[in-house]
1. Considering only protein heavy atoms and a probe of 1.4 Å, how much of the accessible area of the stretch 90-204 is carbon and sulfur, as a whole percent?
2. Once you charge only the Cβ atoms, +1 for Lys and Arg and -1 for Asp and Glu, what is the size of the charge dipole of the stretch 90-204 about its Cα centre, to the nearest 20 debye?
3. Can you tell me the accessible area per residue over the stretch 90-204, all protein chains present, probe 1.4 angstrom, in square angstrom?
4. Do you know the relative contact order of the stretch 90-204, to the nearest whole percent, from alpha carbon pairs under 8 angstrom that are 6+ apart?
5. Are there any chymotrypsin sites (Phe, Trp or Tyr not before Pro) in the stretch 127-172 that are in a DSSP loop and have at most 12 other Cβ atoms within 10 Å? List them by number.
6. Based on the mean of other beta carbon atoms within 10 Å per residue, what is the order of 107-114, 192-199, most packed first?
7. Can you grab the distance from the C-alpha centre of the stretch 39-60 to the C-alpha centre of the stretch 149-195, Å, no decimals?
8. Check the stretch 90-204 and count each lysine pair with an alpha-carbon distance under 16 angstrom, considering only pairs eight or more places apart or from different chains.
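The values are calculated or read from the model by the stated rules, or taken from the named source; none is laboratory data. Predicted model only: the values in this text are computed from it and were never measured. Backbone-built Cβ (ideal geometry, glycine too); neighbour counts: all protein chains shown. Side chains included, ligands, DNA and RNA excluded: accessible areas come from the protein's heavy atoms. Shrake-Rupley method; radii C 1.70, N 1.55, O 1.52, S 1.80 Å.
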Amino acid sequence: MARKPKDLTVLHGHRVITGPELRATFVDDDEHAENPGRLRRRILHGVVLVLLLGLIFAGVMGAMGVMSGQIKFPSAIQAQENSSVCPATTFDYTPPAKVKVNVLNATSRNGLAKAAANEFKARKFVVGNVANTQTGYRGVAAIVSGAAGQSAAFTVQRNLPGSDYFQDGRKDASVDVILTSDYRGLVKPQLVDQTPGQLSCPRESRRVADDSQWPVMPTQGAKP
């Protein structure tokens, strides 16, 4: 009678763990040991992916909003326009005898303010201060008044075409006429437009470069 082959996986009644089983056991243990770190990396990658997708979506929606006009960004020109709003009131031409002007020379041309003041006097304007000043404005002339002097400023502008209006905080109706580099004189009396109209405010190239210089303070120097 043939003997039954001996079971090599049993020794003294105990099961013997084979090499492959032992290796599988340790591999499983290693994999279990690495799982927490691997899980954290997967979570981090997922978060990053979600954020990137969110940014891409927001960018696409923002671009579509800009192109459709639903989203608008303020430009430098808009900011300047908002900071110097031009009065929309229509003014009547005020008789010059009711308008007080201060004539200020912001150029290096001696006697310019006095000569202009004499022209205003010849037209029955009431001339107040005649002096020198400094300004960051570049143009023909800056016409400056408070809110109470806007009608008077309109009359001055009709005699000085090409000038630009600015408003300051004064309470009276006086008007400052600041003569700058492009000033060449008043329009001829017979050509003054006396029909109602609006103040002419500065174009972008003629805005005051340094707002800290307002209100205008006359300075000593060359003959006004």
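1. Whole-percent figure for carbon plus sulfur exposure: 49.
2. My answer is approximately 360 debye.
3. Per-residue accessible area for the stretch 90-204 comes out at 45 Å².
4. Answer for the stretch 90-204 is 35 percent.
5. none
6. The densest-packed peptide leads the list: 107-114, 192-199.
7. Here the answer is 63 Å between Cα centres.
8. Counting lysine pairs in the stretch 90-204 gives 9.
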